[in-house]
Amino acid sequence: MAPMSTQAPTPTRREQILREAARLFADRGFHGVGVDEIGAAVGISGPGLYRHFAGKDAMLAELLVGISERLLDAGRARAAVRGAGPDAPLDALISGHIDFALDDRPLITLHDRELDRLRHEDRKLVRQLQRQYVELWVDVVREVYPDLAEGAARTAVHAVFGLLNSTPHLGARGTLPDRAATAALLHRLARGAFAAAPGAVSPAPTSS
């Protein structure tokens with residue numbers, strides 16, 4: 001039997017367009033980027049983009065709604081992790097969000113700067129998905145720290161998101177410090193933040 005390939009699948013044209021749009025929007029702002037520039041970044045004409053998207057607004061909506069959906073779906077899978085100790089689901093959630101924060105930094109910048117540009121319906125959907133993601137974390141955190149009040153757990157979750165989502169400030173694209181060391185540091189800081197919450201009593205934080 002031939003060995004299974006570990007190479008990542010080649011991104012579709014649509015995925016390429018979204019990746020480059022996210023990078024350009026994050027670097028120069030939504031209104032600072034034209035359709036022609038996005039097309040040039042993926043090797044097609046600007047008008048050719050309209051075979052894939054109705055326009056820049058549609059790209060932005062798919063980027064922000066899409067990442068919210070992916071975080072929630074992946075979070076649910078990680079929250080179901082069992083068999084590696086009581087902290088395993090929380091460690092899995094933290095590690096997954098760190099992967100997002102390190103690998104998709106343009107999307108964090110886009111969310112912070114451009115969320116209000118979405119249509120009301122899309123913005124409402126993003127907010128709903130984000131609330132579900134927060135509550136998923138709150139439930140898992142309270143499994144690890146059962147004496148932690150719900151309000152304190154929610155505050156701690158938002159604080160940890162603020163910490164992990166600070167990665168756009170680590171430097172320009174291509175200048176990120178050693179990824180493994182950065183991920184391990186963020187993981188320790190996140191566990192430390194939860195352990196420092198009032199009422200949090202559990203075994204010492206595990207390392208990533």
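Details
- When the Cα positions of Ala22, Phe53, Leu107 are compared along the charge dipole of the chain, Phe53 comes out farthest toward the positive end, with charges on each C-beta of Lys, Arg, Asp and Glu.
- Charge dipole (Cα centre; +1 on Lys/Arg Cβ, -1 on Asp/Glu Cβ; no other charges) of the range 89-161 amounts to roughly 380 debye.
- Residue with peak Gaussian network fluctuation, the chain [Cα springs, cutoff 10 Å], from Arg51, Arg113, Arg142: Arg51
- Alpha-carbon centroids, the range 35-84 and the range 124-166: separation in whole Å: 24 Å
- Per residue, the chain reaches -21000 deg cm²/dmol at 222 nm when only DSSP H runs of four or more residues are counted, each adding -39500 (n - 2.57).
- Cα-based helix-to-principal-axis angle, 105-114 vs the chain, degrees rounded to 10: 80 degrees
- The packing ranking of peptides 98-105, 73-80, highest mean first, is 98-105, 73-80, where packing means the average number of other beta carbon atoms within 10 angstrom of each residue.
- Solvent-accessible area assigned to carbon and sulfur over the chain amounts to 55 percent, based on a 1.4 Å probe.
- Whole-number accessible area per residue in Å² for the chain, which is evaluated in the context of all protein chains at 1.4 Å: 54 Å²
- Stokes-Einstein diffusion coefficient of the range 57-188, Kirkwood radius over Cα pairs, 4 °C, 1.567 mPa s, in µm²/s: 83 µm²/s
- Mean Cβ neighbour count within 10 Å, used as a protection proxy, ranking 57-65, 10-18 highest first: 57-65, 10-18
- C-alpha long axis of helix 179-195 to longest principal axis of the chain, angle in °: 50 degrees
- Dipole moment magnitude, nearest 20 debye, the range 31-151 about Cα centre, only Lys, Arg, Asp, Glu C-beta charged: 300 debye
- Approximate spin-label separation Arg82-Ala41, in nm, with each point projected 7 Å along Cα-to-Cβ: 4.3 nm
The values are calculated or read from the model by the stated rules, or taken from the named source; none is laboratory data. Predicted model only: the values in this text are computed from it and were never measured. Cβ: placed from backbone, ideal geometry, glycine included. Neighbour counts: every protein chain shown. Protein only, heavy atoms only, side chains kept; ligands, DNA and RNA dropped before computing areas. Shrake-Rupley method; radii C 1.70, N 1.55, O 1.52, S 1.80 Å.
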